[in-house]
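Working notes, structure below.
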Amino acid sequence: MKGSIYTAQRCFQCGGNLKYAEGRGFLYCPNHSESNWVGPCMVRFGREHTKRFQTVGEAERHLTFLRVQTDRNEFDQREWAKDQPLSFFSLRTKFLEMKKRQAITKHHIRHIERVLELAGKSWDCMQIKEIAEGEIDDFFSMDHGVGNKTLSNWKAVLHDFWVWVVRREKRRSKLEMPEFPDIQFKMKMKTVVSVSDQQDIIQELRRITWDINPRIWLGVKLLSIYPRIRPGEMLNVKEGHMNLKDGWIVFPQPKERDPKFVHLLPEISEMIEEIRRMVPPALPDIYFFRHLKTRSGVQAGIKFGPKYFNNWWNTAANNLGISGVSLYPGTKHSTVTALGKLMTPEQIKHNVTGHTSNAFERYFLPNHQEAIMATRQVTQMQADKHLINILEVKKEVK
C-alpha cells in the first residue's frame, strides 16, 4: 500500500532503523522485536506529502485517511500543503484580489470583503470541500442581527464566490456547487412625496441656501429632473465635465462603470450658466459642487460631503412640516412614481431612470430625442400646477 510511517529514532540495542508495523500502532526493530516506538514520527505519502506527528497512533490515522482518499480518487496534495491553498481563507483572499482587478466600485469591493470576512470566522480553517450545504445553512441560521434582505445580499456574494471556485477547481478536485438556502424577503414600499410637495421643498431649499451657496439648490433641482443620476454621481461632477455650449454634463465613475451623459434642456443650461456667472468657472479639475466660503469648519473649495445635499433637503422639508422622506426617495423615487401616471414603464425605464441592460442605448443617440422628451415631461409635470392637481386627484381616487 502507498505510504508509510518513519522516525529518526534508532533501535535502543543495535542502533538500526525502526520499521512501521502495519495497523499495529508502533514501529519496531526487525532484529529486536521488543524494541517498539510509539513517539514522534512522520508520514510519507509518495514524494508529494510529508507530515509530522507526536505519536504513531496519530500518524497511523492520518495515513489510513490518505489511503481512503486515494482509493476514492479524492486525494489532493494541496489540502496538506503548508500554505493551505484550498482553505476557505486562501481562496477568499484570491477571490477578492480577482474582484479588485475588475472594474467595480470600491464600495462593492468593501461589501464583498466584509461578507467573506464574516463567513471566514466560521470557515477560514476549513478546506473548501468540507464546506457543504450543512455548514452554509448553519451560517445563514446564525443570529447576525440583520434582516433577510441583507442575508440575501450576502448569499449573492457567497454564491458568486463558489461559482468562481468550482470553475477553477473543476478539473483538479471535481468540486461540486453546493445548494444555498432560499431566503425570502419582501421589499418595503418606497416612501415618496407628491410632485407638489417635492417642488415646495426645492423652493424652500432655494430660499434658505441661495445666499449661502446656490449650487446646493441647483444640485437637488437636477436630481429631481434627472432621476438616472444618483447624489454621489452628482458630487463627482467637475467644472470640466460641463459643456454648456452643446448642452450636456458627463457624470464620471458611476456605479455602472461607464460614464453617464445627461443632455441638458436649454432652460437648465441657462440656470447653470446663471449660477456660474455668480461664481466664475474654476479649473477643469475643480469640483463644481463645492463650498464657496469657509464656514462652520468647512474650507472653501472643498467638494460637498456625501450627506450635504441630504442634510439641506431635510432642513427644507422640516421647515415645511414634511418628514420621513430623505433626498434620494424625495427626488428620484418621487419623480418616477409621479411619471408612472403619465408614461409607460418601458418609457420610464429606458428614457428616465436609464435602467436597461444596453449601456449604449442608455445615454447616446438611439434614445437621445426620447431622453430629451422624457426630461421635458418631468419639467412640465413639476411646473404645471393644473397637472399637479390632476395627479393629486388620481392619487386620492386610487
Completion exercise
Here Rg/Rh (Cα, Kirkwood) for segment 21-121 equals 1.23
Practice task
Skip the ligands, DNA and RNA, and give the accessible area per residue of segment 1-135 with a 1.4 Å probe, whole Å².
Solution key: 61
Handout entry: Backbone HN-Hα couplings from phi across segment 239-244 [Karplus 6.51/-1.76/1.60, Hz, Gly and Pro as x]
Key = 3, x, 8, 9, 10, 6
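Go ahead and run the numbers for FRET between Ser194 and Leu292, Cβ-Cβ distance against an R0 of 41 Å, rounding to 0.05. Can you show the working numbers first?
Values: r = 32 Å, r/R0 = 0.78.
The computed FRET efficiency comes out at 0.80.
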Exercise for the section: With a point put 7 Å past each Cα toward its Cβ, work out how far Arg47 is from Leu96 in nm, to one decimal. Expected result: 3.7
Exercise for the section: Give me the accessible area per residue for segment 177-310, probe 1.4 Å, as a whole number in Å². Expected result: 52
Exercise for the section: Using amide H atoms built 1.01 Å from N in the peptide plane, name the residues 5+ places from Trp248, or on other chains, whose amide H lies under 5 Å from its own. Expected result: Asn243, Leu264
Handout entry: Cβ-defined net charge surrounding Lys99, 12 Å radius [Lys, Arg +1; Asp, Glu -1]
Key = +3
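Which of rounded, prolate, oblate describes segment 231-313, given a ≥ b ≥ c as roots of the alpha-carbon gyration tensor eigenvalues and a/c under 1.5 marking rounded, otherwise prolate only if a/b is larger than b/c?
Details: a/c = 1.76, a/b = 1.24, b/c = 1.42.
Oblate.
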Fill in the blank from the handout: Between the modelled labels at Gln13 and Glu239 (7 Å from Cα along Cα→Cβ) the distance in nm is 9.7
Exercise for the section: Please list, in chain and number order, the residues 5+ apart from Lys19 or on another chain whose amide H is under 5 Å from its amide H, with Hs placed from the backbone. Expected result: Tyr28, Cys29
Problem - In Hz, Karplus ³J(HN,Hα) per residue of segment 160-168 (6.51, -1.76, 1.60; θ = phi - 60°; x = Gly, Pro) - result: 4, 4, 5, 4, 5, 5, 4, 5, 6
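Determine the alpha carbon to alpha carbon distance for each of Lys155/Lys307; Lys129/Lys149; Lys238/Lys303 and list only those over 20 Å. Please list the in-between numbers first.
Details: Lys155/Lys307 29 Å; Lys129/Lys149 27 Å; Lys238/Lys303 10 Å.
From the list (Lys155/Lys307; Lys129/Lys149; Lys238/Lys303), the Cα-Cα distance tops 20 Å for Lys155/Lys307; Lys129/Lys149.
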Handout entry: Estimated inter-spin distance, Met126 and Glu34, nm [label 7 Å along Cα→Cβ]
Key = 5.1
Exercise for the section: Please pull out the direction-averaged projected area of segment 185-296, using the convex hull of its alpha-carbon atoms, in nm² to one decimal place. Expected result: 9.4
Fill in the blank from the handout: In order over segment 291-300: 3J(HN,Hα) from phi, Karplus 6.51/-1.76/1.60, θ = phi - 60°, whole Hz, x for each Gly or Pro, gives 6, 8, 9, 7, 7, 6, x, 9, 8, 4
Practice task
Could you tell me the distance between the Cα centroids of segment 1-72 and segment 294-324, to the nearest Å?
Solution key: 73
Fill in the blank from the handout: Of every hundred units of 1.4 Å-probe accessible area on segment 96-226, the number belonging to carbon and sulfur atoms, as a percent, is 48
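The values are calculated or read from the model by the stated rules, or taken from the named source; none is laboratory data. Values in this document were obtained by computation on a predicted structure and should not be read as measured data. In this analysis, Cβ positions are derived from the backbone assuming ideal geometry, glycine residues included, and neighbour counts consider all displayed protein chains. Surface areas here come from the heavy atoms of the whole protein model, side chains and all, with no ligands, DNA or RNA. Shrake-Rupley method; radii C 1.70, N 1.55, O 1.52, S 1.80 Å.
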